[in-house]
Amino acid sequence: MLAACLLLAGCHRVVGTGRSQVNVLSESQEAALGRETFEAATADADIIRTGPDAEMVQRIGRRLVRAAGTLYPSNPADRYDWTFVLIDDDIVNAWAAPGGKVAVYTGLLDVTKDEDGLAVVLGHEVAHVLARHSGEQVSQALLMNGALTIGSSALGDMDPASRELVMRAMGAGSHLGVALPFSRLHEAEADEIGLFLTAEACYDPRAAIGVWERMSALSQSRPPEFLSTHPDPDNRIVELSELMPGAMAIYRRCDR
């Protein structure tokens, strides 16, 4: 009954794809979570606030937010408190917190190479925010924990050793069968939405292929896709290539 109530109360459509998602967090709750996460993650970080690279991050961020407002007027991007920062660190990564907080590390700039490449990555992170993926992940965790709690209660008459074995199996099954596939779905969805945002912001979406080729070359050893939170880089390239004609149609409309 609890799960049914949560599903009914938190059903939304993902901007850009129309996928139905369960998200029991309000936008204000997501924003508060995002501020807390961002402040904790950047408290000791060396944020670069001036110079060509910092200016490039800010410029790309502004253009992507404008593009989001154009592509998805039903989900106005200006309702988020957007912040884009460049962190001086060799980590090859970027991330987004709910509510519009986006960070990119200088170590990623060697992979993105130029402004188009960085726009691809930042477009992906902006897409996570627009699609409210963080809220969906929190909601999914609440539902999974509730299911495990109910399962534990249902096994109350079982001997402790057998119950622990069953609960471990249930936990592993939920991780492999629910959590990881959902994470990969979110990444693929952010790739799709982000590619079109990149094109609408008048950055060349074809840069996405080079970015993921270089990212793939950095991953000398990686787990099988079904054990990963992210799609395999080679599969991402295939998916992006299939989406590219639509993105290029948007890009060609740009007045450059």
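A few remarks follow.
- Identification of helices (runs of 4 or more DSSP H) wholly contained in segment 98-179 with 2 or more residues that are within 30 Å of ASP53 (Cα to Cα) and at pLDDT below 90 yields 133-154.
- Top-ranked residue in segment 30-55 [being of a type in the set (A, V, I, L, M) and part of a helix (DSSP H, G or I); ranked as farthest from the chain's Cα centre (by Cα)]: ALA54
- Residue that is surrounded by the most Cβ atoms within 10 Å (Cβ to Cβ), among those in segment 56-94 that are among the small types (Gly, Ala, Ser) and either within 17 Å of the chain's Cα centre (by Cα) or in a loop (DSSP other than H, G, I, E, B) (or both): ALA68
- Answer residue from segment 95-116, given it is buried (at least 22 other Cβ atoms within 10 Å of the Cβ) and in contact (Cβ under 8 Å) with a residue 60 or more places away in the chain and is farthest from SER26 (Cα to Cα) among those: THR112
- Scope segment 1-18; condition under 12 Å from ARG132 (Cα atoms) and either modelled with pLDDT of 80 or more or assigned to a helix (DSSP H, G or I) (or both); matching residues: ARG13, VAL14, VAL15, GLY16
The values are calculated or read from the model by the stated rules, or taken from the named source; none is laboratory data. Keep in mind the model is a prediction, meaning the values are calculated, not measured. Because the Cβ atoms are built from the backbone with ideal geometry, glycine has one as well, and the counts that use them run over all protein chains shown.
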